[in-house]
Every structure is written in C-alpha cells, then in structure tokens.
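Chemist: To start, I am sharing the structure in question, which I have written as structure tokens.
Read the figures in this text as sums done on the coordinates, not as results from a lab. Here the structure is a predicted model, which is why all the values come from computation and not from measurement. Here the Cβ positions follow ideal geometry from the backbone for every residue, glycine too, while neighbour counts run over all protein chains shown.
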C-alpha cells in the first residue's frame, strides 16, 4: 500500500513580500471605541465576517474620510518608518507605502489597510475571546435543518451592545429571583428589533464569506419579532449573553 505523495517544497525558495495588510498589522494602531465606533461600526462588521469586494472597498473609503486627520497620517507614516527598520524583508514595502501615502494619503493602500485593521480590532473589542463567525458558519453548514437556526444564534454576543441595556438595569436584572422573567422584562420591542437589525447586517455583509450563517441571519432579521419576549428565541439568546457578560465580565 503506497503512502501519500508529499511535495518536496524547498522553504529556502520562499520570499516574504509584505503587503498593505502586513504593514498595517505591524504598525499596530488601535481603535478608540468612543471616538471611532460611529464611523467604523459597519466596516467593523464587514471585518468580522471577513467580507471582501466593492462593498467593503466603499465602506473603507467612507470610513477613511470620516476619521481622517493629519495626526492619523503622521501615525501611519511614523509606523512605516519604524517598520522599514525591521530589516530588508520589510524595508522595500514600507518605502513604497510611504511614497504612496505621500502622493495620496487617504487612498493609499496602506491607509485602507490600517483603517480596516482598526475596524477589525474595534469589532472584536466587545466580543468574548476566540469568538469566530467563520467557525459558526461552519457549524451551521454541518447542522441539520432543525439545528441551523440554533447554531446561528451563537452570534448573539455580537448584538449585546445594540440592545443598549445600561449597567444599572443589568445589575437590577441579576438580582431578580427568576432570570427568565428578567430577560423578558429587558426585552422591549425596540431592543428586540435593534438586535435583529444588527444580525441582519452581518447576514448582508457575509453573503460571500460566511454564506450558510449569513442566510440564517437574513431570515432572522426579516421576521417580525414575536409579541412576547418569552417567545423570541433571538432575544432570549442575546439577553442571556448580556446577563452572562454582566455576571462574569472576565469571560468577555
């Protein structure tokens, strides 16, 4: 019985050529959640689902214009000069990026990559460690028809912020004897619609990158919420995530 033929690849032939994303990652600019979220919120969702293409390009251009300052340009330029000092494998790409940044700062590839990277970090900022929408998509693809929706609702932590439940209200809910009734009391019509809208946006942006999950999320977003919160599986998932986050913040 013959074994698998393993290609005889010579690692010494590999030449690392950093692209704009590599440069942005090493530059390492971090988001300011308070300042950046309004401008980067939708782009952050696109980054969460690893979306690509014209829609993401347009979101990126809009986000760049919204947060652009000379200070940001200086930070990118300073980061590129620092990266250029990392060695010969980084210097050519960093020098090219610096020239592109000087010629057209807002539309330079490194600028787009830096803003996308900031948006990605912002998107993950209020999610649990190791949270992965691609993993949930894989679970949905492998689930039975009856289980697909339940798997998709593992996305519930993404929509916690959209519920806009204050700390005092959450603390009160946690002191209640019956957490189920507390989740129901928190589930106003506006909140339940808001979390569906957020999940629907992920479903729209992830059509190509996480298609199975995106399909389920679009269905969820298209439904009118049930009249009673106790009958709303979407809200129950989000409300449970909210209370769990408040009770065990170290897990977030």
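Chemist: Going by alpha carbons, how many degrees (0 to 90, nearest 10) lie between the helix axis of 233-247 and the longest principal axis of the chain?
Modeler: Computed tilt is about 70 degrees.
Chemist: Checking the a/c ratio against 1.5 first, then a/b against b/c, what shape does the Cα gyration tensor give for region 1-140?
Modeler: Details: a/c = 2.26, a/b = 1.19, b/c = 1.90.
Oblate, because a/c is 1.5 or more while a/b does not exceed b/c.
Chemist: Now, a different point. Going by how many other beta carbons lie within 10 Å of each one, how would you line up 144, 182, fewest first? If you can, show how the numbers build up before the last one.
Modeler: Numbers: 144 8, 182 19.
Neighbour counts put them in this order, fewest first: 144, 182.
Chemist: While we're looking at this one, here's another question. Angle between the Cα long axis of helix 133-142 and the longest principal axis of the chain, 0 to 90 degrees, nearest 10?
Modeler: 60 degrees
Chemist: Using alpha carbons only, how many degrees (0 to 90, rounded to 10) separate the axis of helix 109-125 from the longest principal axis of the chain?
Modeler: So the inclination is approximately 30 degrees.
Chemist: Quick one: what Rg and Dmax do you get for region 133-251 from the alpha carbons, in Å?
Modeler: Gyration radius and largest Cα-Cα distance of region 133-251: 14.2, 44 Å.
Chemist: Which whole-number percent is the relative contact order of region 18-125 (Cα, under 8 Å, 6+ apart)?
Modeler: Working: 121 pairs, mean separation 51.2, N = 108.
47 percent.
Chemist: Once you have a ≥ b ≥ c as the square roots of the Cα gyration tensor eigenvalues for region 92-182, tell me rounded if a/c is under 1.5, and otherwise prolate or oblate according to whether a/b is larger than b/c. Show your work: numbers first, answer last.
Modeler: Values: a/c = 4.49, a/b = 1.85, b/c = 2.43.
Oblate.
Chemist: May I ask for the distance between the Cα centers of region 197-224 and region 83-101, given as a whole number of Å?
Modeler: 39 Å
Chemist: Mind checking Rg over Rh on the chain, alpha carbons, Kirkwood formula for Rh? All intermediate terms of the calculation are to be shown ahead of the outcome.
Modeler: On the way: Rg = 21.8 Å, Rh = 20.5 Å.
Result for the chain is an Rg/Rh of 1.06.
Chemist: Still on this structure, I have one more. Sequence gap at least 6, Cα distance under 8 Å: using those rules, report the relative contact order of region 90-246 to the nearest whole percent. Working shown, then result.
Modeler: Working: 146 pairs, mean separation 37.2, N = 157.
Relative contact order of region 90-246: 24 percent.
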